[in-house]
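Heads up: the structure comes next, in C-alpha cells.
Read-outs throughout are calculated quantities, based only on the coordinates presented, and are distinct from any laboratory measurement. What you see is a predicted model; the values in this text were computed from it and never measured. Neighbour counts are summed over all protein chains in view; Cβ atoms, including those assigned to glycine, are modelled from backbone coordinates with ideal geometry.
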C-alpha cells in the first residue's frame, strides 16, 4: 500500500472513531437512574426482634406511600424517582450488621443508608458507612459516643443519651412528692450515658441519690441488688436497660415484695407487657409519640401507622424510624443531586418541624428527638408527660399501689 493510501485510510478510520464517539458507540454509557435505593438492616431475629418486628412492613409501606405520589423529586434529573428499600435481618448481632452494610454498599449500590435498631448495633454500622463514605441516617441510636468519633457521613435523629430522661424528671419534680431515687443501669455504653444523665437530672429535680449501680446485661439473679435497694428505701427506682434485663428485674422485685413509689424503665415495649401482664401496671417509661400529639406532619405518620397496621403503643420506636425516613425524604428533595457529598451536606443542614418538635443536627450530627413519658395502666400505655400545648391530656398516678393491691 502506498504512503498516500495509508494516509487516506488513517483519515477514514479517524473519522469513523469520531463519529462513534459522537454517537456514543464503543464508549461507556451512563446508566440511567431509575430508582432511589435505601439500604438497611432490621433485627428480625435475636435479642431485639420483639421490639421492631413490623419494621420491614412499616418501611415498605412508607416507600409505597411515597411512590403513590410519583416518588421523590431529584433536582439534578428534574424528575421524580421511586423509592425502594433493600433490607436484611441483622439477627441483633454486630458482626452480621457489618457484613450486610458492606453488602448494601458494594453489591446493592444503596444511595443512602438507614441505621439499625439500638446503639450497640449502630456503632458498627456507622463505622462501615464512614469507611465507604455513604450517607447514613441513624434511627434508634441515642449514644453520644456514636457521634463523637468525628464521622462525616452520619446523622441521627435522637437527642444525646444523657438528656434521655429530661421530661421524666421534670414530671417527677412537678407531679410528685418523691424525695429519693435508686439508679440501676445495664452495663453497656448506651446506658452508661443515660444513667450519668439521670444522676444529673434527678439531682436538679431535688432527689437524693440513695443507690447507684450497674449490672451485666446477662444478669439473671437481681436478688442482691434488690435487697440493697430495699434497705435504701427509694421513692423512685429508675432502671436503664433493654427489655430482657428490665423484665427480669421487675419479676424479681415482685417476688421480693419490693414496693417503691414508682418503677421507671427506659425501655418497656410490647414484650414488656406480654411478659409481665398486670404486673406491668403503673410502671412508667419513655416513648416518643402518642395519638393526640399534633406536631409537624403528624397526619402522614398516623396514615403510615394505619396502613402498616402498627400500634404505636406497642411499638413506640416507630417514631424515630419515621423521623429518619422523613429526614431522608427531605434531604433527597432538597439536595442539588444524589451525589453523596451533596446529599450529606444537605441533610446536615436541615431544619424542620418534626412530629416530636423542632429537628436539626448539632455539630456531631445528633438530633433533637426527645422522649415523652407514659405510664402503663390496665395493661395499656397512657400518655403521662409533658402537660403542654400540642400534646394529649395526661394520665398519671403516683405513688403506685403495693404489689398486694395490684389486680
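Quick notes on this one:
- Theoretical FRET efficiency, 1/(1+(r/R0)^6), r = Cβ-Cβ of residue 302 and residue 37, R0 30 Å, to 0.05: 0.65
- Tensor-based shape of region 196-296 (alpha-carbon gyration tensor, a/c under 1.5 rounded, otherwise prolate or oblate): oblate
- Distance between the pseudo-spin-label points of residue 78 and residue 223 (7 Å out from Cα toward the beta carbon): 7.6 nm.
- FRET efficiency for the pair residue 257 and residue 68, taken as 1/(1 + (r/R0)^6) with r the Cβ-Cβ distance and R0 = 45 Å, rounds to 0.25.
- Gain on full stretching of the segment that runs from residue 89 to residue 295 - 0.36 nm per residue minus C-alpha separation: 70.9 nm
- Taking the DSSP bridge list for the chain and keeping only pairs wholly inside it, about 30 percent are antiparallel.
- Rounded tilt (10° steps) of 94-106 against the dominant C-alpha axis of the chain: 20 degrees
- When Rg and Dmax are taken over the Cα atoms of region 192-245, they come to 11.8, 33 Å.
- Among 372, 227, 310, the largest mean-square fluctuation in a Gaussian network model of the chain, built with springs joining Cα atoms closer than 10 Å, belongs to 227.
- Helix 223-232 vs. the chain, principal-axis angle (Cα, 0 to 90°, nearest 10): 60 degrees
- Based on Cα contacts under 8 Å between residues 6+ apart, the chain shows a relative contact order of 16 percent.
- Radius of gyration and maximum dimension Dmax of the chain, Cα, Å: 26.0, 111
- Among 246, 364, 311: highest mean-square fluctuation, GNM of the chain, C-alpha pairs under 10 Å: 311
- Label-to-label distance, nm, for residues given as residue 102 and residue 131 (7 Å Cα→Cβ offset): 0.6 nm
- Rounded, prolate or oblate (a/c below 1.5 giving rounded, otherwise prolate when a/b exceeds b/c) for region 246-395 by Cα gyration tensor: prolate
- Packing-based order for 344-351, 115-122, using average beta carbon neighbours within 10 Å, highest first: 115-122, 344-351
- Region 24-141: C-alpha gyration tensor shape, a/c 1.5 cut-off, then a/b vs b/c: oblate
- To the nearest ten degrees, helix 243-255 and the longest principal axis of the Cα atoms of the chain are 10 degrees apart.
- Estimated [θ] at 222 nm from DSSP helical runs (n ≥ 4, -39500 (n - 2.57)) normalised by residues in the chain, nearest 500: -12000 deg cm²/dmol
- Protection proxy ranking, peptides 397-406, 85-94, 262-271, average beta carbon neighbours within 10 Å, highest first: 262-271, 85-94, 397-406
- Distance between region 111-138 and region 260-324 - C-alpha centres, whole angstrom: 24 Å
- Computing Rg and the Kirkwood Rh from the Cα coordinates of region 98-153 gives a ratio, Rg/Rh, of 0.93.
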